[in-house]
Amino acid sequence: MLPLRFSDLRSVQLVCAHLQTTPRALQSFLREPERYYTPIDLPQAPGRRPRRVFEVGAPLRRIHRVLAVALAPHVDAQPSYIQGFRSGRSIRSNAAMHVDAEVVVTADIRGFFDEIDVERVTSLFQSLGATFQAATLLARLTTFQGHLPQGGRASPAISNLAVPDLDKALVRLGGRCAYTRYADDLTFSGSAAACPTEEQIRRVLESSGFQLRPRSFRRQLKGSGQIVTGLSVVSGSPTLTRRTRREIERALYFGARFGLSYHASRAGSERSPQREFARLCGHIAAAGGVDKTLHAKWVKLLESVNL
């Protein structure tokens, strides 16, 4: 496959050549997108709507993968306050930016991927050098029903790159505070006087076409427990929270003794045992980047878990 540089995409024909596809296939992707996106609703915490992600069909998924690879150098060149979906960064590196602060402020963007529409994505590809015609085509190939789909291979990279004005506005709002964004999770930390208020964050988001997720704003004082992207930041370096450790160890214990189906029903979960096991594996894998000793212990215990 030809190396993909967005400045080389000057026409539909060149887009086809670089993506190793045909005009006929492109027409199918654009006219019948429903054929290539299968919705999957993931259960969330009680009281929250399921999170909808999409499984992308193989022909279109391959194109998304090519674009994700081409976007990766642009993502890695972003400022350090962009922490999600880039090599060498993680929830741990994000949390480490806010260790031992007097105040930590966290907030979530509501429906972040849904608000990244075709126009934003077109502008992104144009800024990387594609012509308007090629950029519009790429935007339509990477969006579904007018917005960025969660589950698309290129969606994380696009979400990092498509909102530079929002990030710059949030950096200005933070002033002397440390600021990071991990996908839709916003974090500020610093002195009590410097950290922004809920209303200030709300105004900046709305001026950029986004909304603050209701009840997501948290102002966490030193000494009362401070959590950033699921990790505690009060002890010199990010650590797993007591709650996370308890939940994983409880699932391992009941999963080994009675089976995960029993554990899920006891916890009021509607997830299947297979999905419960996948969720547990995901939590343990994530813990590996934070506490290698606990991770090794839990991986060994995982061998005894039954469905």
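The values are calculated or read from the model by the stated rules, or taken from the named source; none is laboratory data. Nothing here was measured: the structure is a model prediction, and the numbers come from that model. Neighbour counts run over all protein chains shown; Cβ positions are idealised from the backbone, glycine included.
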Worksheet item: Conditions: (1) assigned by TED's automatic domain parsing to the domain that holds residue 226; (2) surrounded by fewer than 18 Cβ atoms within 10 Å (Cβ to Cβ); (3) at pLDDT 95 or above. Residue 109 meets all but one. Number of the miss?
Response: (2)
Worksheet item: Of all residues in region 49-69, how many are touching a helix residue (DSSP H, G or I) at 6+ places or on another chain (Cβ under 6 Å) and exposed (fewer than 14 other Cβ atoms within 10 Å of the Cβ)?
Response: 0
Item to complete: Within region 143-176, track down each residue that is crowded, with 20+ Cβ neighbours inside 10 Å and free of Cβ contacts under 8 Å to residues at least 40 places away in the same chain.
Response: 143, 148, 170, 174
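Yes or no, residue by residue, for (1) in contact with a Pro (Cβ under 8 Å, 6 or more places away or on another chain); (2) among the aromatic types (Phe, Trp, Tyr); (3) not assigned by TED's automatic domain parsing to the domain that holds residue 94:
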position: 140; (1), (2), (3): no, no, yes
position: 148; (1), (2), (3): no, no, yes
position: 153; (1), (2), (3): no, no, yes
position: 178; (1), (2), (3): no, no, no
position: 182; (1), (2), (3): no, yes, no
position: 188; (1), (2), (3): yes, yes, no
Discussion item. Being of a type outside the set (Ser, Thr, Tyr) and over 25 Å from residue 85 (Cα atoms) is the filter here; which residues of region 177-214 pass it?
Written reply: 192, 193, 194, 195, 196, 198, 199, 200, 203
Worksheet item: Just checking, how many residues over region 72-128 are under 13 Å from the mean Cα position of the chain (by Cα) and assigned to a helix (DSSP H, G or I)?
Response: 4
Worksheet item: Does region 42-49 contain any residue that is among the hydrophobic types (A, V, I, L, M, F, W, C), under 22 Å from residue 183 (Cα atoms) and out of contact with any Asp or Glu (no Cβ under 8 Å at 6 or more places or on another chain)?
Response: yes
